Structures are given as C-alpha cells and as structure tokens.
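All of the numbers you see were taken from the coordinates with simple rules; none came from a lab. Worth saying up front: this structure is predicted, and the values here are computed from it rather than measured. Every residue, glycine among them, receives a Cβ derived from its backbone with ideal geometry; neighbour counts consider all protein chains shown.
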Amino acid sequence: MRGVAVLGMALVVLYIAVDVVLQSLPPHYSVISDAESNLAVGEFGIAPTTTTGAVHVAFATTGFLCALAGMLLLAVWMRDAGRLARVRRAATGFVALAAVGLVLLAVSIAWAPSVLGLTERVCLAGILGWAFVVCWGARRSFRR
C-alpha cells in the first residue's frame, strides 16, 4: 500500500511538471484567462476548435464535481481513520480550496471568462493538493 501512495504522489508531481511545460509552449497562452483545455485545441493543440470547448467544459465541470464529492466522502471517512489523523486538517483545507475553486470556476464561466484559467487552477490546486497530502499521510502510516 505504501507503494501506491508514493505512486499517487509521483503522479501529482508529474501532472504539475507536464502542465508547466505545456503552458510554456504556445506564445499566446495565458494561465490567468485560458483554461488548460485550450492547450489541446487550436494552432498548438491536437483537437479542432469546433464544439470541443463546450463539450469539454461540461465534462470537466462534471469531473470536478465528482472529484469534490469523492474528496468530501473520504474526508468524512478520515475522521475515523486514526492513521491519517496527521493529514486530516491539511486535507480538509484542500477540500475547502477545491470547493471555493469550483464556485469561482462557475462564476468565471458565467460572468468573468477573463479569469477562467485562474479559477480552474484554484480548483485543480485543491484537488491535486488533497491527493498529494492524503497519499503522503498514507505513505507515512504504512511505513510503520
């Protein structure tokens, strides 16, 4: 189980590294206003720019909601998981960050698209941070 936790942490780091590299490629890309999916469409992407964006927003929003629901359920479970007590507070903070990011993402989609990229990254920071912290706690608990 310790190996799975280490793999989870490594995958979070890999996601962030790939994201940073990809965001540096297109010269017109803005991390504040452009969603990560914009890296896949257009001149530098692999997908056409037709309805891909609208479909992606629907699926990505659903994915964020599902991730948040899973995080909340596991946060409740972690209250009784003594082995993860050390990371419970940090994990709860990342759940809150992801929830705030999701609300801000919805607001930016509806009323402030110029900050869509930033709000998406706030939500991703909550989700990825939570995954890393929980894996870190699991890794430490299985080391004993």
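For the stretch 63-103, the normalised intensity computed at q = 0.14, 0.24 Å⁻¹ comes to -0.29, -0.76 (log10 of I(q)/I(0), Debye sum over alpha carbons, equal scatterers, no solvent). Here the stretch 80-144 has an Rg and Dmax of 14.7, 50 Å, counting Cα atoms alone.
The alpha carbon centroids of the stretch 75-144 and the stretch 13-41 are separated by 21 Å. Report summary: the helix-based calculation at 222 nm, which adds -39500 (n - 2.57) for every DSSP H run with n ≥ 4 and divides by the residues of the chain, gives -25000 deg cm²/dmol. Cβ crowding within 10 Å, taken as a proxy for footprinting-reagent exposure, orders 19, 80 from fewest neighbours to most as 80, 19.
The HN-Hα couplings worked out from phi for the stretch 11-23 by the Karplus form 6.51 cos²θ - 1.76 cosθ + 1.60 (θ = phi - 60°) are 5, 4, 4, 4, 4, 5, 4, 4, 4, 4, 5, 4, 6 Hz, whole numbers, x standing for Gly and Pro. Going by neighbour counts of Cβ atoms within 10 Å, the residues 56, 28 line up, fewest first, as 28, 56.
Note: relative contact order over the stretch 2-142, using C-alpha pairs below 8 Å and six or more positions apart, is 36 percent.
Enclosing the Cα atoms of the chain in their convex hull gives a volume equal to 107 cubic angstrom per residue. Restricting the trypsin sites (Lys or Arg not before Pro) of the stretch 75-126 to loop positions (DSSP other than H, G, I, E, B) with no more than 12 neighbouring Cβ atoms within 10 Å leaves 79.
Neighbour counts of C-beta atoms inside 10 Å place 16, 32 in the sequence 32, 16, starting with the fewest.
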